[in-house]
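Novice: Before I ask anything, here is the structure I am working with.
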């Protein structure tokens, strides 16, 4: 279930990280007379993988959390829910290939964190509903047997967020680099920064938010350091999951 993100997402991940600390405040302050939400140009749907089409998954989907920039660029993206985790790779490809139209506040493009569904369909079933003479979901005896056997365990592959006490092992850092500086001017910056973020199934930090910070330079240093940090991939009952955590950075 490895998700390969474009290098640009990682580079943009740190840019305007400081602004994210004010995200909740800025999105609710003031009265907006004209607000346009993030839109996608086209449909977010994909063909269901052949290995899953016989499971009769009801409304197969993957729900993503997105951070969409002022120009429609994806700053960050992570699957947060699905009724079968094996749908995530194809859903991710569909999402990253899509074009997003940014949100607007009084006509000005703004950055927003939003949610987006990628839905799946079976071409044979769709054709059958439109009147084509095909048998949806396969029609052989072996297909039926495989469907009955596999469907009994399909519920084990539901994907979603876990609480810290639900995962198999506590989250720990596998690779924690020394402080990374944004530039020469930040080399003397000292202070504290409290960051809230998600640890993805791959053990990477996603959607960081600076909750408290002594300065912008300290926040950027925390973001850069966190970007290079690797965590033990979270698992719940042996299956991939993700959790929300907080981490304090103190630079002296």
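Novice: If the requirement is being exposed (fewer than 15 other Cβ atoms within 10 Å of the Cβ), at positive phi and at pLDDT below 70, which of these qualifies: 139, 131, 155?
Specialist: Being exposed (fewer than 15 other Cβ atoms within 10 Å of the Cβ), at positive phi and at pLDDT below 70 holds for just one of 139, 131, 155, which is 131.
Novice: In segment 160-202, how many residues are in a loop (DSSP other than H, G, I, E, B) and modelled with pLDDT under 80?
Specialist: Qualifying residue count, segment 160-202: 11.
Novice: Now a separate question. Within segment 203-228, how many residues are under 17 Å from residue 174 (Cα atoms) and modelled with pLDDT of 90 or more?
Specialist: Count: 4.
Novice: Taking segment 185-205 as the search range and keeping residues that are in contact with a helix residue (DSSP H, G or I) (Cβ under 9 Å, 6 or more places away or on another chain) and closer than 17 Å to residue 67 by Cβ, which one is surrounded by the fewest Cβ atoms within 10 Å (Cβ to Cβ)?
Specialist: Only one residue fits best here, namely 197.
Novice: Just to be sure I understand the filter: pairs with C-beta atoms under 6 Å, separated by 6 or more residues or on different chains, first member in segment 52-63 and in contact (Cβ under 8 Å) with a residue 12 or more places away in the chain, second member part of a loop (DSSP other than H, G, I, E, B). Which pairs pass?
Specialist: Short answer, once both residue conditions are applied: 53/122; 54/137; 54/138; 57/83; 57/84; 60/48.
The values are calculated or read from the model by the stated rules, or taken from the named source; none is laboratory data. Small disclaimer: the values here were computed from a predicted structure and weren't measured. So basically every Cβ, Gly included, is an ideal-geometry build from the backbone, and we count neighbours across all protein chains shown.
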